[in-house]
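> Submitted below is the structure of interest, expressed as structure tokens.
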Amino acid sequence: MSSQTVQTFDDIETVVDLDFHLVENEADVVPYLEEPFQGLMTRPDVQEPNNYNMTKFFLDGVGGDIGPDAAATSAEIKAVMEELGIDRATLNPGLNLNLVTVQNDRYAVALASAYNEWVTETFLDSSEGMYGTIRICLRDPQRAVAEIEQWADTDEVVGVMLGPPGFRNPLGHPRFEPVYEALEAAGLPLLIHNSVLSLQHVFPGQFEGIDTFLEARGVGHPMGQMLHLTRLIINGVPERYPDLDFVIQESGLGWVPYMMRRLDYYYSARREDAPHLRQPPSEYVDDNFYFTTQPIEGADDPSYVQQVIDWIGPDNVMFASDYPHSDFDNSDALYKTLRSGFGVDRIENIYGGTAMEVLDY
């Protein structure tokens, strides 16, 4: 840590928001669907597309009286970026994080592809600082590879988004090896983003007794990310693909040092359970994993936030707002927790420098 620091938020050279959500609905992507799904969805006897998930019972404030107004057009996104002092926004799916709730495998895969066509045609524009991620669906790994290869050379595509996968096949399962090979070859990071509205499907037992958004959001995101990180590392994915980066989103930071130490502890006692690893799990975290800041737990205690970031490693932390969810972080909120403990270079890296290196800007 250093006493030499950025004097104001406006002094930060480049602010990159790793998680600015779109508010698409199913009807937006229907015109981009491949057949037979477009024909099925536009038949006169079929109801209006209804956002995939018929069992939503949590409300997260988007478009409600808690969160801000959602930005539904390019002009509105640009206005929010200017208001929040964001130079580059990484536009991520909203509804299309929830493909795990779609029962039909072929339709889920088709929706991912349609989303990619829609977002690249409708919003992405490097001249306006609007970049984005494409969506893949791991139910068809070869199709996921095709999507990566199709969009890898698109200037505004800076990463590949994986919403909550089902847990029947963990992320370290051999059937996903072609996907990791394609990501590494394309030089694109894999962004892993959970969704409370999906986690009720992938954790049905754990969520059976949860009936409030507070409980679901409190445990859901970090619970899912702990499993993703553990399964990727223990199954040796970063060992086999050392140039592939993973970005863990929207789960805060406090759980990360805990998991690093816990995995190291058990690895030291049960190395036979992780035969692929050549170093402790925490070293793979340091080499291959990045974590976005939202939500900033403990923002009223800057020393806590600074300590957690120090434990993770400041070069592995990147700013994200999570706009427009009800718990989004205003872009200067993180700065207020960092300014008393981190020097200019560290703050610049957390707010944009690291993102410019890790993502394909």
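> Given (1) among the small types (Gly, Ala, Ser); (2) in a helix (DSSP H, G or I); (3) open to solvent by 10 Å² or more (accessible area, probe 1.4 Å), where does ALA355 come up short, assuming only one miss?
(3)
> Conditions: (1) of a type outside the set (Val, Ile, Thr); (2) touching a helix residue (DSSP H, G or I) at 6+ places or on another chain (Cβ under 9 Å); (3) open to solvent by 10 Å² or more (accessible area, probe 1.4 Å); (4) modelled with pLDDT under 95. ASN98 meets all but one. Number of the miss?
With respect to (1) of a type outside the set (Val, Ile, Thr); (2) touching a helix residue (DSSP H, G or I) at 6+ places or on another chain (Cβ under 9 Å); (3) open to solvent by 10 Å² or more (accessible area, probe 1.4 Å); (4) modelled with pLDDT under 95, ASN98 is out only on (3).
> On to the next question. Exactly one of (1) within 20 Å of the chain's Cα centre (by Cα); (2) over 30 Å from VAL15 (Cβ atoms); (3) aliphatic (A, V, I, L, M) is unmet by ALA274. Its number?
(1)
The rows are residues; the columns are (1) part of a loop (DSSP other than H, G, I, E, B); (2) in contact with a Gly (Cβ under 6 Å, 6 or more places away or on another chain); (3) open to solvent by less than 40 Å² (accessible area, probe 1.4 Å); (4) closer than 16 Å to ILE248 by Cα.
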| residue | (1), (2), (3), (4) |
| --- | --- |
| GLY298 | yes, no, yes, no |
| ILE309 | no, no, yes, yes |
| ALA320 | yes, no, yes, yes |
| ASP329 | yes, no, yes, no |
| THR337 | no, no, yes, no |
| SER340 | yes, no, no, no |
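> Further question on the same structure: If VAL247 satisfies all but one of (1) open to solvent by 10 Å² or more (accessible area, probe 1.4 Å); (2) β-branched (Val, Ile, Thr); (3) at pLDDT 95 or above; (4) not in a helix (DSSP H, G or I), what's the number of the condition it fails?
(1)
> Here are ASN288, ASN330: which of them is touching a residue at least 40 places away in the same chain (Cβ under 8 Å) and in contact with a Pro (Cβ under 7 Å, 6 or more places away or on another chain)?
Exactly one residue qualifies, and that residue is ASN288.
> Can you tell me which condition GLU35 does not meet? The list is (1) under 23 Å from the mean Cα position of the chain (by Cα); (2) modelled with pLDDT of 90 or more, and all the others hold.
(1)
> Do you know which residues across region 41-90 are modelled with pLDDT of 90 or more, assigned to a helix (DSSP H, G or I) and not polar (S, T, N, Q)?
If the condition is that a residue be modelled with pLDDT of 90 or more, assigned to a helix (DSSP H, G or I) and not polar (S, T, N, Q), then ALA75, GLU76, ILE77, LYS78, ALA79, VAL80, MET81, GLU82, GLU83, LEU84 are the ones that fit.
The values are calculated or read from the model by the stated rules, or taken from the named source; none is laboratory data. Everything quoted here is computed from the prediction, not taken from an experiment. Virtual Cβ from ideal backbone geometry, glycine too; neighbours counted across all protein chains shown. To get the accessible areas, we keep the full protein, side chains included, count just its heavy atoms, and leave off ligands, DNA and RNA. Shrake-Rupley method; radii C 1.70, N 1.55, O 1.52, S 1.80 Å.
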